[in-house]
Structures are given as structure tokens and as C-alpha cells.
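**Q** Below are the C-alpha cells for one structure; questions will follow.
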Amino acid sequence: MTGSEWFTAEPGGLNRYFTELFHALARRPEVAVSAAAWGATGDDDPAGARSWGATGGSTARRARIAFLDRAPLRRATVLDRHFCLYGPAAIGRRGRLPLVVHFHGPWAAESRLTGQNEPAARAKYLIERLRYAGADRFVVLSNHFREVLGAEYRIPEERIAVIPPGVDLSRFRAAPPPVDAPTRTVLCVRRLERRMGIDALLRCWPGVVAEHPDARLVIVGTGTAERELRAMAAEARLDDSVVFAGHVADDRLAELYEQAAFTVVPTIALEGFGLIALESLAAGRAPIVTDCGGLPDSVRGLDPSLIVPAGAADALGARITAALHGALPTPERCRAHAETFSWEATAQRHVAMYRTIA
């Protein structure tokens, strides 16, 4: 496996997924797996975890180092690439290796949404197409990204496998929600980027507080839109009811889930699945999500009313208000639903897929 960064070095959904899948595969006795990515590996990473070096620095230099690294191919029977820019060509000692590409999202389209100029975004698209060429299988987390891969990258449907992600059930417990706290907390854990829809959440929040004065919104994360989001909250005079918590460690995040009544995932574009929704469910907290990308897949089997239109601040505010009135699945139901998304099941489906091409 080759990835972008180890989660211990650079938190994020893609890095979390790459690291957790590696761990799950390493636990299977019939699999020998190695993995390389940027940043220091974690103390609990299994044997086979490797680093290309520290995070940061020139993207071109990092891509070159990862491309020239032949170590992953010495005994490999399958190469599984998780980010198009990093990793060697799929050529081993005995010739071409079967290649699996994990499609976590359209790199070029994401760059456009962050304001990158069109020539740079177009160059990223061409790099994606080049690095996807010849892949035997593409793995996506949701039916939505299967459609994106087919429509925008012209990948035949028979070469795409939809394998939902897992969640580390041992990290969270479904504790009863707090009942005697002076405020009721709504938790939002997102990178603070424009496509994450935090602006819609802030627009609806005054109406939520008008009906529920004891409501407090805690926003966890950092990103390029943080300054404008803080300014937006200040202009709306939400300082007393909105907290920007920045980056928090995993232990602290588990505590925040326990303190919350429920969570909100208000993404408006390019959401492959939303691992954070599964984490919320594992902690016994229902996530209110938008109908963006693969997010509905995380809760449709639990409670379809948790899904609201993306970018619709009024609908989001109404659902949050209803949730504060008690219209939510219980922590026990949330946890039981999360348990249908185990990393063991995800790893098993990967192994079965690898065998069809090896």
C-alpha cells in the first residue's frame, strides 16, 4: 500500500482511512502487507509500516522520492495506491503488478473549490488520469464516487469496487448523553474548508439559539476558511454560543463526543463517505448529514430523517432544532448501526478483491 501521510503525522480522512485499513489487513493471518507514506509512523503501527520522510517540503520532490522507492515492490503481488501523486509504478521483479487505485475524491475538482487557478487544476486532472492508467481495480467508498469516477474519469463500471469504510469501534463508547449540563452541545468535526458547509451551519445557528438558548455549537478543525468563518460568527454575534476548538487529539475528541447531544456534518461538495459520521455513530451520537456524495450512506439504514439538503441553511436549522427537542435515534441504536461498518469486514472485502486480480 502507498498513501499520502500517516494519520499520526497528518490527521485527515484519507490518512485515517489509509492507516486503519493497513492495520486491519495486518491483523489478517493470510495477508502479508506493507505500507509507505509520508511522516513518522505510529508506535502501534504493525511491522511493514514505512515512511518516505518528514511531511512538508516541495511536492515535486516528494513525488519523485515516492516514485523511485522500489522497496514496496520487492515481494508484492498487488500494489494498492491511495493517492495518485505518491508511489512507484506497478512494475515488480517479474514484470507488471496488478494495480488497485483507491479513489478518495477528484483531486483536481477539490483544488478548484479551494480557489486554485484553472491551469493548475487541469494539470492535476492530467496527473490523475496518467496515474490511473492501467489500474485493474478502483476502490470507492460510495455509489456516488463510483458515478464520479465513471463520468469524469471514464472508468468502466466493471473495474470499480464499492467497499464502504470501517470505524475503529474500540476508540469510542456509546455513553448516555449528558442530562444535567448547563448547555446542550452540538458538535461539528470538519476541516474548515468552503466545501464543508460550515457557513450554512453558522447561518442557521441564530435561529437554533432563538428557540434553544442553551444550545452551544463546538466546531473542531482547522483549514483555509477558518478566518472567514470566525469573522462570520463574530459578525452574527455568536461568540457566546459558538466555540472554535481547533485541532484536538483523539482522546479529547472522544470526550467531546460524550459531551455532545449529537453531531452535524454539513458538507456541500465532494464527500466520498464521511468517516466522521461513522465515528459519531460509534460514540452513540447521531449525525445530521447532508445529501452530499456518500454521506447519506452512513445513516440511511438508521434514520433517513437525519439527511438534509446540502447548503440549505433553513432545512439544516430546522433539523437541528428538532434534534434538540429530542427527535434522534438513541445512543444504543447509533452504536448498533456503527457496528455494521467494521474494519474487519472492510479488510475481508479487500482481500477478496485482491484475489480476483492477483
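**Q** So if I restrict to the alpha-carbon atoms in the chain, what is the Rg, and what is Dmax, the biggest pairwise distance, in Å?
**A** Looking at the chain, its Cα Rg and Dmax stand at 20.7, 68 Å.
**Q** Now for a separate question. Would you please put 52-61, 77-86, 336-345 in order of how densely packed they are, using the mean number of other Cβ atoms within 10 angstrom per residue and starting with the highest?
**A** 77-86, 336-345, 52-61
**Q** Now, a different point. Strictly greater than 18 Å: what percent of every Cα pair in the range 1-87 meets that?
**A** I get 36 percent for the Cα pairs in the range 1-87 exceeding 18 Å.
**Q** What number, in percent, do you get for the relative contact order of the range 149-288 if the mean sequence gap of Cα pairs under 8 Å and at least 6 apart is divided by its residue count?
**A** RCO, the range 149-288: 35 percent.
**Q** Something else: Alpha carbon centre of the range 45-61 versus the range 222-244: separation in Å?
**A** Comparing the Cα centres of the range 45-61 and the range 222-244, I get a distance of 34 Å.
**Q** Relative contact order, percent, of the chain when contacts are C-alpha pairs under 8 Å separated by at least 6 residues?
**A** Relative contact order of the chain: 16 percent.
**Q** In nm, what is the difference between 0.36 nm times the number of residues separating Arg70 and His247 and their Cα-Cα distance?
**A** Stretched out fully, the Arg70 to His247 stretch lengthens by 60.2 nm.
**Q** GluC sites (Glu not before Pro) within the range 206-308: which are DSSP loop residues with at most 12 other Cβ atoms inside 10 Å?
**A** Of the GluC sites (Glu not before Pro), not one in the loops of the range 206-308 has a Cβ with at most 12 other Cβ atoms within 10 Å.
**Q** Under 20 Å from a point 7 Å along the Cα-to-Cβ line of Asp303: which residues of the range 235-259 have their amide N that close?
**A** Only 256-259 pass the distance filter.
**Q** Fewest to most neighbouring Cβ within 10 Å: what's the order for Ile65, Ile320?
**A** Numbers: Ile65 15, Ile320 26.
Going from least to most buried by this count: Ile65, Ile320.
**Q** Can you tell me the relative contact order of the range 1-114? Whole percent, Cα pairs under 8 Å, sequence separation 6 or more.
**A** Numbers: 175 pairs, mean separation 27.6, N = 114.
Relative contact order of the range 1-114: 24 percent.
**Q** Calculate the length of the line joining the C-alpha centroid of the range 100-159 to that of the range 262-331, in whole Å.
**A** Cα centroid to Cα centroid, the span is 26 Å.
**Q** Now, a different point. Using the reciprocal of the averaged 1/r over all distinct C-alpha pairs, how large is the Kirkwood radius of the range 224-264 in Å?
**A** Details: mean 1/r = 0.0843 Å⁻¹.
Result for the range 224-264 stands at 11.9 Å.
**Q** In vacuo Debye scattering of the range 169-338, one point per C-alpha: log10 I(q)/I(0) at q = 0.09, 0.10, 0.15, 0.19 Å⁻¹?
**A** Treating every Cα as an identical point scatterer, log10 I(q)/I(0) equals -0.25, -0.31, -0.75, -1.30.
**Q** Hey, with R₀ at 41 Å, roughly what FRET efficiency would Glu118 and Ala231 work out to, going by the Cβ-Cβ distance, to 0.05?
**A** It comes to 0.90.
**Q** Then there is this: If you take the beta carbon distance between Ala322 and Asp214 as r and set R0 to 25 Å, what does 1/(1 + (r/R0)^6) give as a FRET efficiency, to the nearest 0.05? Walk me through the intermediate numbers first.
**A** Values: r = 16 Å, r/R0 = 0.63.
For R0 = 25 Å, the calculated efficiency reads 0.95.
**Q** Here's another thing I want to ask about it. Modelling each spin label as a point 7 Å along the Cα-to-Cβ direction, I'd like the Arg159/Asp314 distance in nm, to one decimal.
**A** The answer from the label model is 4.6 nm.
Read-outs throughout are calculated quantities, based only on the coordinates presented, and are distinct from any laboratory measurement. All of these numbers come straight from a predicted model, not from anything done at the bench. As a convention, Cβ positions derive from the backbone with ideal geometry for all residues, glycine included, and neighbour counts pool all protein chains shown.
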